[in-house]
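The values are calculated or read from the model by the stated rules, or taken from the named source; none is laboratory data. Bear in mind that the values here come from a model prediction, so they are computed numbers and not experimental data. All Cβ positions, even for glycine, are placed from backbone atoms using ideal geometry, and neighbour counts span all protein chains on display. Calculation scope for accessible area: heavy atoms of the full protein, side chains included, ligands and nucleic acids excluded. Shrake-Rupley method; radii C 1.70, N 1.55, O 1.52, S 1.80 Å.
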Amino acid sequence: WVAHQGSNAPPEWVAHQGSNPPPEWVAHQGTCLSPPAYRTDEGQPWVLPVVKKVEKLIVADNRLNHEYLPILGLPEFRSSASKIALGEDSPAIQENRVGAVQCLGGTGALKMGAEFLRRWYNGNDNMKTPVYVSAPTWENHNSVFANAGFEDVRPYKYWDAEKRGLDLAGFLGDLETAPKHSIFVLHACAHNPTGTDPTHMEWTQVAEVMKRRKLFVFFDSAYQGFASGCLDKDAWAVRYFVTQGFEMFCAQSFSKNFGLYNERVGNLTIVARDADNVRRVLSQMEKIVRVTWSNPPSQGARLVAITLNTAELFAEWKDNVKTMADRVLLMRASLQAKLQALGTPGTWDHITQQIGMFSFTGLNPKQVEYMIKERSIYLMASGRINMCGLTTKNIDYVAKSIHETVV
Ligand code: PLP
């Protein structure tokens, strides 16, 4: 913690730091509010109990081996992953117009979708079609699409900094003026980095314009379960768009909701007009996968497939997801309550209104700098924090530091 202390640690800490700093100071040193992943209340990575259980089942299963998987991936993984996104009773699944590609994480799913669209969407090898990503967004969106050959990756209005919420009018305005057939990357839930999702009513407005203006829907679903603790609630937008007859892509990541960050488990769900179109898309996808990673790795996909296809394990997984989501909700509620109790100027309702792992605190770059230099609390320059960086041990310190920064 000495290394993390920052240049201007209060003198009483510096004086104490060698021997026996009081425990509450130790807990407060070098507080990282932007860990790259979920953390427990002890600040540790969490291997989901259901994952540990399934790992044992895999080791014990003598029928399994390390042969290549099919190019498009493990069939039982692909179909169960798509079912999680679209719902068991999805009309598109019943009509056999859903296909899937096992990918290397959510990033791989975005990459496969982008590569396909550049080659085949809206005319052959069309790099001119605009791709719209939210402002702000997960930074990699820009690069993945640009790297696939799209020359025109643009922002669409999303975040209203003043009201610390969705800029619906701006969003709808950009949908109205985008060239027909433009591609829009939409965060399915728990928007990264703002933690702000459209309401159901707002999604219906977005869908109406997208349909009328013939815009392509590319969902990015990296946090299913993390927003509300419920997989079905978090898939509402994706499922609503399917009921509205859209053909679409949905990039799914199992990194966060299974805690399988380093196994690279993702799925690209394809919803097409009919079964014949799914076959055509998958046949082209096979070619793209072949020259990219040839065939995917098996361990993570097996873990997810066994879990999703076994009733008791599936129930246990949903419970594990809820544990993670509930911890985030608890940290949100307690940070807001502590700031209100301290009488910190400004409104802090956005802390609990935002959902998922990330929160836009509304701290400006100067305030962020103060938090880092004077309080050794590390967060993004944009003011974004990962709520999992908060624990019952450091939350008082963080709240007091935000208070001091703001007053
Ligand atoms: N999409 C969003 C919005 C993300 O935040 C992330 C990861 O942080 C991803 C996609 C990529 O997920 P993965 O680690 O599975 O590639």
What is the extension gain from Q244 to E151, computed as 0.36 nm multiplied by their sequence separation minus the C-alpha to C-alpha distance, in nm to one decimal?
30.5 nm
Greater than 22 Å apart at Cα, pairs in K180/K211; K83/K214; K56/K233; K128/K180; K163/K318
K83/K214; K56/K233; K163/K318
Along Cα→Cβ, 7 Å out, is where each label goes; now give me the distance between the ones at A161 and Q44 in nm to one decimal.
4.0 nm
Return the whole-Å distance between the Cα centroid of segment 347-407 and the Cα centroid of segment 112-175.
28 Å
At 1.306 mPa s and 10 °C, plugging the Kirkwood radius over alpha-carbon pairs of the chain into Stokes-Einstein gives what diffusion coefficient in µm²/s?
71 µm²/s
Gain upon complete extension [Q340, E76; 0.36 nm per residue less C-alpha separation]:
90.1 nm
Just reorder D319, D349 by solvent-accessible area, largest first, 1.4 Å probe, all chains present.
D319, D349
Pick from T204, T310, T269: which residue has the top mean-square fluctuation in a GNM of the chain where Cα pairs under 10 Å get a spring?
T310
Portion, in percent, of the accessible area of the chain that falls on carbon or sulfur, probe 1.4 Å:
54 percent
Heavy-atom accessible area with a 1.4 angstrom probe orders R39, R119, most exposed first, as R119, R39
Helix 49-60 versus the longest principal axis of the chain: what is the Cα-based angle in degrees, 0 to 90, to the nearest 10?
50 degrees
Using eta = 1.002 mPa s and T = 20 °C, Stokes-Einstein with Kirkwood Rh from Cα pairs puts D for segment 29-186, in µm² s⁻¹, at 110 µm²/s
When only the heavy atoms of the protein chains count and the probe is 1.4 Å, how do T392, T31 rank by accessible area, highest first?
T392, T31
Rounded to a whole number, the Stokes-Einstein D of segment 180-302 in µm²/s (Kirkwood radius over Cα pairs; 25 °C; 0.890 mPa s) is 156 µm²/s
Helix 200-212 axis, angle to the chain major axis (alpha carbon atoms, nearest 10°):
40 degrees
